[in-house]
Amino acid sequence: MIRTSRRKFLKYGGAAGAALGLGGWANLARADEILRVGVVYVSPVSDIGWTKQHSLGVEAIRAEFGDRVELTVLDNVYNPQDAERVFRELASTNHLVFGTSFSHGTPLQRVAPRFPDVAFEHCSGIVHLDNLGTFEAKYYEGTYVAGVAAGHMSESGRIGFVGGFPIPDIVGPANALLLGAQSVNPDVTCSTIFLNSWYDPGREREAVNTLVSQGCDVICSMTDTATGVQTSGELGAWSIGYASDMSQFSDRHLTAFTLDWSSYYVDAARTVADGNWVAEEHWGGLSDGVVKMSPYNEAIPAEVQAEMDSVKAAIAAGELHPYRGELKNQDGEVVVAEGEVLSDGDIRSMVWFVEGMIGSLS
Amino acid sequence: MRFTIEQRPEPSVTMRLAAPVIATALTLFVGSILFLALGHDPLRAFHAFFIQPISTMNGLSELLLKASPLILIACGLAIGFRANVWNIGAEGQLIMGAIAASGIGLFWPNPDSVLLLPLMFLAGMLAGMAWAGIPAFLRARMNTNEILVTLMLTYVAALVLSWLVHGPWRDPMGFNFPQTALLPPAAMFEPFDYAYRLTPAIFITVVAVIAMWLFTDRSFMGYKLTVGGAAPRAARYAGFRESSAIWVGLLAGGGAAGIAGMAEAAGPLGQLSSTISPGYGFAAIIVAFIGRLNAFGIVLGGLLLSLLILGGETVQITLGMPSAITRILQGILLFFLLAADFFIFYRLRRLKEAV
Amino acid sequence: MTPRLELKNINKRYPGVVANDDISLSIMPGEIHAILGENGAGKSTLMKIIYGAIEADSGEIYCDGNLVERHNPAISRQLGIEMVYQHFALFESVSVVENIALAMRGRFDLKALSEQVRALSQRYGMPVDPKRIVHDLSVGERQRVEIVRCLLQDPKLLILDEPTSVLTPQAVEKLFETLRQLAAEGCSILYISHKLEEIQQLCERATVLRNGAVTGVADARTTSSLELARMMVGSELPKTSHPPATPSSEPVLEVRGLTAEVAEGFGVSLRDVSLSVRAGEIVGIAGVSGNGQAELISYLSGETIAEKADTVRLLGQPAGHLDPARRRQRGLAFVPEERLGRGAVPTLSLQENAILTGHRRGMVRHGLLDRKKAAEFADHVIRRFSVKARNAQSVAQSLSGGNLQKFIVGREIELEPKVLLVSQPTWGVDVGAAAFIRQTLIDISRQGTAVLVVSEELDELFEICDRLVVMCAGLVSRPLETAETNREEVGLLMTGLDKTTQSRKEVDLALHD
């Protein structure tokens, strides 16, 4: 499935694909039809964070198609009851509909079968249907690179991680963060706190406080706020941003692993216009440019920066896999044998911590 | 010129009729200014807000689907409110109802049983009543403040739900995501027509409205509650027991909220996740007061509030306004409605000043 | 001489009612002027217009010859007009002196003010403890606070709305002395009442109102009671007939040694109260309000449950432990002192208020209300007791106090109780209706009902009761045969001066607590 995704990117995502894309678009234009796309955000668009990155994807469609696309965007749709209605509403008038939150999953699964002629794309989805595709990012590739910086920069050998929910999309990257750090300093540990909310600045601030007072001096926060970065900075700890570049919130922001969904958005829009859209599972990382590293903090020594770049390149080239064995779980049992690599399926359902992680998954 | 606000000797019949009209007119006026300032055609905006959402069958179905739990809960709450029993924890009672009903739906040995829905209905109702029974017991026995207790228990209920969907009830096939497995088909209300989402659960609300009307308008028990609310000393004088008003008032709200929770789980949700109510338990308080604690007023209030929510989405879809703007308009209308209501019982009088 | 106050062609309409119809009157400085009229005649409305609490639809008010163009209570007080309302405007949760301080201009000096209040109240024979919380005061005590408050303002025109109903005969005498003294000092007094004797005793002139209009201005001292009454009522006054009582031998309502301690500031403790009422007789409880009547009545009605069941006996059975509903089931009916909020639900219609205590009379079937039955019952009460209301759908709070009182008394009498408790049966009720209520009470007692009446109007008690007891400081006197006692004896008992009941010292202390 990753291969199909890559193929599509080669076909349409690159500059060489522009002509093909235009060709597809010409079909729609002859039929005197405008591509209509509906997008549902889980929160209002702000300066940074999850929804902001999706809005950049929407902007990419607009830039690509100009006035030949009609975009309808709804924000702040969270509850399943409301989401299902909104998706029905959008599906009745649009060719392509995007859901951008895990919580949009069940509603999309209910709506998609009723609108077989409409293409649905679901970010963070786990179920895909004939006309419901999913797309997701390999966050763990980003956290592994950031982990290399964390391993070097931490003096206490303790890093802290704040997560929204203990789901594979968060647990996996937390593990990779530690694995990246351990690759340069095997003694590093990582303490974790889950907020059970994507947006709770009060508790996030408290969580960062707790972690720092426990001795953690590098904090990574995977939520929908910049609170983690900000609070760490106030407490004098290094931080790692998520989704957007958050360097504006702290001068101790090491780097951020940012998300760029534009290729998925543009690709989906183009194939739908083209008439050859197929529901697929996309899962892109550093190699596809879906996950990117934001500019490194100047405080990171040049040789560390160079090491980070080489790790990044190795991951992108497929030479380095963050989850290559031997990996042990918290109890010291070997889960991935020496030399083996965790399968994609196992990565997407990773709900266990590697050795050195401190905290529980509930 | 100075003005004073004074109580009318009798509630104004004219204002009672005029209040909604005045409120609507003021909302249209202020809303127009708002839309013009944002560069939108007010006529189009209001059309999108109030007409478009209900101009299709699907729109009507969605309106009823949204209004149904609001009206159901508001009916139950209003019985308590009439007796000065302030249950503001319907949200928690709804959650407990949804939990109990889903528990039956998920774990009943025979997932195809026709008994599933009736059992879930009972479980939902009883769970809601039990959750409301705690503050009832505490107030009747120890005179605790039910406003605080019901509100606090809402948070407890939310935490119970969170614990269940993150822990024991988490879907084993769900990649650790905080939600349960889907309910089996026999545990779900079947829509009237698969093109729409509306299910026969709407009849529960219809029955509840009629029952509420009978209870408050025709039953002696309802009368006693009204007396207890309007004049507690008159209730004591007549020998109506305060504790029964507390119990009935809280259990009615809890039961209704529990049933609403069941209907949400077995209807639009189909599973439990960490957020199962878009604040129905709190919105229903507004509905109850827009409806002036009267069964048919509540129906209108519930439809209005639902229309505002649907209209807010339509405005986003058709005019591209952000959701914040639509919420402002919803707030304006509710404010004017309640403010206009105030003038049924009070009036503004100009003060004569000293020469 | 310029009139202190002059009204010209005052009109005030409410929906469906003309409250004041082209009223003109004038009061000279130092004059005591009576406004005489039945309840609902428009007296209270007129007083509120004078005070500026409500606005007239048309007409002019002159004060000391100057037209008052804009009017409100604050302006009234600048002009030196003070008013003692029939319904008191006191804050329940603060003390007497704090209430008074709120109405005063200038600096807050509670200590000095307390002294002033104490001095004034002593001087006018209206003992008020400035430190007590208003919540704990009886209606009578609250009125004293209101009067004292007005006197502290050194008024030029004092309006008193039915002030004597809560005072002992001796206190009325004292009040009158005060008022005469005030008048002699140049203060004009507007005295609203329906009590002819008082007006003849106190006032110089009387303006008589009927149905919102002036029916005449009379010299109060020379016009006969009969003439005044005719101007007021428009017809001859009915007289009550009082056939001799033939009471049962056994009491049907009995209180045996009821003692109830309450914390200070929370009412009056009852001390070893005993009394009995037999079927077929009317027993009256006399006394200045606030001496334990409210507490005793609450123990009798069941709103307060007695510690020992046997201290209250109903129809020969212990009943102290029963709640009001059970006592009503056994044949008790009760008219409370407070009409709105206790005897009736203000926001409900008369028909719905009929159900409050009448629900056992076929108005509830299978748990559902029979509104038709309730309406019939309410209509019957409205007709029989000539309640002035548009119909049974009228909301209780829209009725005047007197009319609501008639409705509640009527409702309880229509329940045909075996024992009827009545608190202030004719308070605020017009002369004609009061006579009717009194006659009805006598009639039902002669038909075998035991009637216990609490009243602060001695005249009323002497008119209808067969026996009297007097309450003072939580104590109840020995029963007196009405025929064998007189106002002086009762008056002395009311102030605790009768040495035969209790030691004087003890009662004196209780009075001044």
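Based on DSSP H segments of at least four residues, each scored -39500 (n - 2.57), chain C has a per-residue ellipticity at 222 nm of -10000 deg cm²/dmol. B:Thr326: net charge of surrounding residues, Cβ under 12 Å, Lys/Arg +1, Asp/Glu -1, itself excluded? Around B:Thr326, the charge tally is -1.
Taking all protein chains as they are arranged and a probe of 1.4 Å, the heavy atoms of C:Glu352 leave approximately 40 Å² accessible to solvent. Give me log10 I(q)/I(0) at q = 0.08, 0.10, 0.12 Å⁻¹ for chain C, Debye formula, one equal scatterer per alpha-carbon, no solvent. One equal scatterer on each Cα of chain C leads to -0.52, -0.82, -1.19.
Chains B and C together bury some 2900 Å² of accessible area, summed over both sides, with a 1.4 Å probe. For segment B:27-167, taking Cα atoms only, Rg and Dmax work out to 20.6, 60 Å respectively.
I'd like the projected area of segment B:104-154, averaged over all directions, using the convex hull of its alpha carbons. Report it in nm² with one decimal.
On the way: hull surface 17.0 nm².
Averaged projected hull area, Cα only: 4.3 nm².
Among the residues of A:71-78, the average count of other protein chain beta-carbon atoms within 10 Å of the residue beta-carbon is 4.
Once all protein chains are placed together, A:Trp277 keeps about 50 Å² accessible to a 1.4 angstrom probe. Within a straight-line Cα-Cα reach of under 13 Å, C:Lys111 can be paired with the following aspartates and glutamates, leaving aside sequence neighbours fewer than 8 residues apart in one chain: C:Glu98, C:Asp129.
Ranking C:Lys131, C:Lys174 by solvent-accessible area of protein heavy atoms (1.4 Å probe, all protein chains present), from largest to smallest, gives C:Lys131, C:Lys174. Taking a ≥ b ≥ c as the square roots of the eigenvalues of the Cα gyration tensor, segment B:128-195 is oblate, since a/c reaches 1.5 or more and a/b is not larger than b/c.
DSSP bridge analysis restricted to the protein assembly as shown gives an antiparallel fraction near 40%, rounded to the nearest 5.
Summed over qualifying helices (DSSP H, 4 residues or more, each -39500 (n - 2.57)) and divided by its residue number, chain B shows a 222 nm mean residue ellipticity of -22500 deg cm²/dmol. Backbone amide hydrogens, once placed in the peptide plane, bring A:Leu286 within less than 5 Å of A:Val291, excluding anything fewer than 5 places away on its chain. Beyond 42 Å, the tail of the calculated P(r) for the protein assembly as shown holds 58 percent of the Cα pairs.
Probe radius 1.4 Å, ligands and nucleic acids ignored: give me the carbon and sulfur share of the accessible area of segment C:5-233 as a rounded percent.
Values: 4600 of 9410 Å².
Roughly 49 percent of what the probe reaches on segment C:5-233 is carbon or sulfur.
For chain A, the relative contact order is 19 percent, taking Cα pairs closer than 8 Å that sit 6 or more residues apart in sequence and dividing their mean separation by the residue count.
If the convex hull of the alpha-carbon atoms of segment B:246-355 is projected onto planes in all directions, what is the mean projected area in square nanometres?
Details: hull surface 48.1 nm².
Its Cα hull, projected and averaged over all orientations, spans 12.0 nm².
Cα centroid separation, segment C:344-376 to segment A:280-298: 75 Å. Segment B:69-289 gives an Rg/Rh value of 1.01, both radii derived from C-alpha positions and Rh following Kirkwood.
Within the shell of other residues whose beta carbon sits under 9 angstrom from the beta carbon of A:Met293, the net charge comes to +1, with Lys and Arg scored +1 and Asp and Glu -1.
Taking all Cα pairs closer than 8 Å and separated by 6 or more residues, the relative contact order of chain C comes to 15 percent. Across peptide B:237-246, the mean count of Cβ atoms from other chains lying within 10 Å of each residue's own Cβ comes to 5. Along segment B:295-310 the Karplus relation, 6.51 cos²θ - 1.76 cosθ + 1.60 evaluated at θ = phi - 60°, assigns HN-Hα couplings of 3, 7, x, 5, 4, 5, x, x, 5, 5, 4, 5, 4, 4, 5, 4 Hz to successive residues, with x for each Gly and Pro.
Considering only Cα atoms, the convex hull volume of segment C:5-233 works out to 122 Å³ per residue. For chain A, adding -39500 (n - 2.57) for each run of n ≥ 4 DSSP H residues and dividing by the number of residues yields -12000 deg cm²/dmol at 222 nm.
Dividing the mean sequence gap of close Cα pairs (under 8 Å, 6+ apart) by how many residues segment B:189-241 holds gives a relative contact order of 16 percent. With a sphere of radius 10 Å drawn around the Cβ of C:Gly280, what net charge do the other residues whose Cβ falls strictly inside it have (Lys, Arg +1; Asp, Glu -1)? Here the count lands on 0. Surface calculation, 1.4 Å probe, protein heavy atoms: B:Phe289 sits at approximately 80 Å² accessible.
The C-alpha radius of gyration of segment B:165-300, expressed as a fraction of 2.2 N^0.38 Å, stands at 1.34. Restricting the calculation to Cα atoms, chain A yields a radius of gyration followed by a Dmax of 20.5, 64 Å.
Projected over all directions and averaged, the alpha-carbon convex hull of segment A:82-209 occupies 9.1 nm².
The accessible-area ordering, largest first, of the residues C:Trp427, A:Trp283 stands as C:Trp427, A:Trp283, per a 1.4 angstrom probe. Ordered by 1.4 Å accessible area with all protein chains kept, A:Met153, C:Met471 run largest first as A:Met153, C:Met471.
The values are calculated or read from the model by the stated rules, or taken from the named source; none is laboratory data. For clarity, every value in this text was computed on a predicted model and none was experimentally measured. We place every Cβ from the backbone using ideal geometry, glycine too, and count neighbours over all the protein chains shown. Ligands, DNA and RNA are stripped out before the accessible areas are found, and what is left, the full protein with its side chains, is counted by its heavy atoms. Shrake-Rupley method; radii C 1.70, N 1.55, O 1.52, S 1.80 Å.
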